[in-house]
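All remarks here apply to the structure that follows.
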Amino acid sequence: MGSVEPTPRELLKVYRTLDNDHRLRIATLLMEEGELPFNEVARRLGVEGGLLAYHLGVLRRAGLVDLRVERRGRNTSFYSLTELGIRVLSSLGVRRGERA
């Protein structure tokens with residue numbers, strides 16, 4: 001979906017993706033905090049790693065979340081919202097750097 005305006009069908013997919021409590025909480029946390037490592041997202045939301053990995057994968061496939069891997073002794077995965085993710089969350093009233 002990139003920087004091109006999403007089609008109505010693509011937007012419906014995005015909104016369906018966010019129509020899940022876990023995924024909405026993950027996206028909201030990333031909007032409020034910016035980029036976070038996987039383990040920090042799991043800790044803050046109290047979500048088990050396997051479940052978190054599943055929901056992050058769904059968010060990535062919908063184009064809402066980016067993944068960056070950094071080697072720090074071992075590989076660490078960092079997640080952040082894409083431009084589309086920021087636009088969609090903003091349209092829902094979630095603001096960057098604000099706690100709900």
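Given the structure, is V58 in a helix (DSSP H, G or I), touching a residue at least 60 places away in the same chain (Cβ under 8 Å) and out of contact with any Leu (no Cβ under 6 Å at 6 or more places or on another chain)? Taking the combined requirement at face value, the residue does not satisfy it. Inspect the range 6-23 for any residue being surrounded by 15 or more Cβ atoms within 10 Å (Cβ to Cβ), within 22 Å of S90 (Cβ to Cβ) and of a type in the set (S, T, N, Q) and give the result as yes or no. Scanning the range 6-23 turns up at least one residue that is surrounded by 15 or more Cβ atoms within 10 Å (Cβ to Cβ), within 22 Å of S90 (Cβ to Cβ) and of a type in the set (S, T, N, Q). How many residues does the range 24-54 contain that are in a loop (DSSP other than H, G, I, E, B), surrounded by 12 or more Cβ atoms within 10 Å (Cβ to Cβ) and out of contact with any Ser or Thr (no Cβ under 7 Å at 6 or more places or on another chain)? Final tally of qualifying residues: 1.
Every number in this text was worked out from the coordinates using simple rules, so none of it is lab data. Just so we're clear, the structure is a prediction, and the values are computed from it rather than from any experiment. Note: ideal-geometry Cβ built from the backbone for every residue, glycine included; neighbour counts use all protein chains shown.
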